[in-house]
Amino acid sequence: MTTAIEFQNIQTGYGKKEILHNVSVQAERGKITGIVGPNGSGKSTLVKTLFGIVPCKSGAIFLDGKNLQSFSRKDVARKLGYVGQDTSVVFDFSVEDIIGMALYHQKKTDLPSKERIRLAMEELNILEFSGRSIQTLSGGERKLVFLARAVAQGADTIILDEPTNHLDIYHQIFLLNYLKRSGKTILLVIHDLRLAAHYCDHLFLMQDGRVASSGIPEHVLTPKNAKQVFGISGKISYLPDGTRDFCMDFQ
């Protein structure tokens, strides 16, 4: 498998406070790679370095084997879709306006923009939002709209920061099943260890700005790591159909 995104020895922070300490993470093409860890471990900060929201003090980022610095902002916008934690919008845009923003940097195709927007809304099952103001939607509904924007963009790689936040359980499963079936390269920051165990092909466990463990979920979400990193008792188990689950001991 080829690597679509590679963070290599990333070191960064805010002011004098260092957040990431030589962090290396790779996302394989066509797979779902999850970044897990407790609050403040640097998960979201790492993702933000990809878009220049947080500058790297040292290290390098590669897209399809090429240094990120060799790409223009327009090239990055064409290659990567992004859904962040914050889906707040100040202005009274319609849902179609929000999704259509993804097409600004995209190459023209035979498919009209309105049709690309409609198809993205259909894929995310949000046609009922058509014509509505983004400000009238709940946080979870906005999350689906922003994912539809990434889909309309046509990027082969989508980065998501806590994509299941604000979603009810039905839409969490709908969203992750959609991502699993998409065949796209998915890099996501996720708190829910059960969902991470079930859907991710590969995990990176972060603690205090460092990668504490990486590998398939069975090798990362071990009882030892659960206790040391999260302070909980838990381990991977298997459902009757052979899929993974993460079970916690609440005692």
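The values are calculated or read from the model by the stated rules, or taken from the named source; none is laboratory data. Owing to the predicted nature of the structure, the values given are computational and were not obtained by experimental measurement. Cβ coordinates were reconstructed from backbone atoms using ideal geometry, including for glycine residues, and neighbour counts include every protein chain displayed.
Structure values in brief
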quantity: Residue pairs meeting the criteria (Cβ under 7 Å; at least 6 apart or on separate chains; first under 10 Å from His202 (Cβ atoms), in segment 22-41; second surrounded by 17 or more Cβ atoms within 10 Å (Cβ to Cβ) and among the hydroxyl-bearing types (Ser, Thr, Tyr)); calculated: Ala27/Thr33; Ala27/Thr185; Lys31/Thr185; Ile32/Tyr199
quantity: Condition check for Ala196: at pLDDT 95 or above, crowded, with 17+ Cβ neighbours inside 10 Å, under 15 Å from the mean Cα position of the chain (by Cα) and part of a helix (DSSP H, G or I); calculated: yes
quantity: Every residue from segment 178-198 that is touching a residue at least 40 places away in the same chain (Cβ under 8 Å) and of a type in the set (Lys, Arg); calculated: Lys180, Lys184, Arg194
quantity: Qualifying positions in segment 64-90 - touching a residue at least 60 places away in the same chain (Cβ under 8 Å) and either in contact with a Ser or Thr (Cβ under 9 Å, 6 or more places away or on another chain) or over 27 Å from Val145 (Cα atoms) (or both); calculated: Asp64, Gly65, Lys79, Leu80, Gly81, Gly84, Gln85
quantity: Elements of type strands (runs of 3 or more DSSP E) in segment 199-243, at least 2 residues being touching a Lys or Arg at 6+ places or on another chain (Cβ under 7 Å) and free of Cβ contacts under 8 Å to residues at least 24 places away in the same chain; calculated: 233-238
